[in-house]
């Protein structure tokens, strides 16, 4: 089993949350990342990136998933070229896998509050 952190379309109420339900992902809790991460608005979905200034923090949800779910998430997220699953640090010091955006985001506005509104 793996812990994943989701912050956009995979959250409860998001257009892709059914993917987690299909694989019986178990909701653990809401969480915030360490400030080294922030969101960029990519249009119809967000992308989480590392913040070299440590002025971020992304709000999301943590789930426990099986390997088959991780494989489905890799496909959904376009891993490893569009997004890549990496171990991140949450604000409580625990870790989880999250999908970081791997493309140029310089023209994408920052989501200042760190919460992707569904």
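The values are calculated or read from the model by the stated rules, or taken from the named source; none is laboratory data. Quick caveat, the model's predicted, so the values are computed rather than measured. Every residue, glycine as well, gets a Cβ built from its backbone with ideal geometry; the counts of neighbours run over all protein chains shown.
What to note about this one:
- Here residue 104 fulfils each of the conditions (1) surrounded by 13 or more Cβ atoms within 10 Å (Cβ to Cβ); (2) without any contact (Cβ under 8 Å) to a residue 24 or more places away in the chain apart from (1).
- Those residues of the stretch 38-48 which are surrounded by 14 or more Cβ atoms within 10 Å (Cβ to Cβ) and closer than 20 Å to residue 16 by Cβ, in sequence order: 39, 40, 41, 42, 45, 46, 47, 48
- Residue list for the stretch 28-48, restricted to those being closer than 17 Å to residue 96 by Cα and assigned to a loop (DSSP other than H, G, I, E, B): 34, 35, 36
- Evaluation of residue 116 against the conditions (1) part of a strand (DSSP E or B); (2) out of contact with any helix residue (DSSP H, G or I) (no Cβ under 7 Å at 6 or more places or on another chain); (3) crowded, with 16+ Cβ neighbours inside 10 Å shows that the sole unmet condition is (1).
- Flag if residue 13 is modelled with pLDDT of 95 or more and part of a loop (DSSP other than H, G, I, E, B): yes
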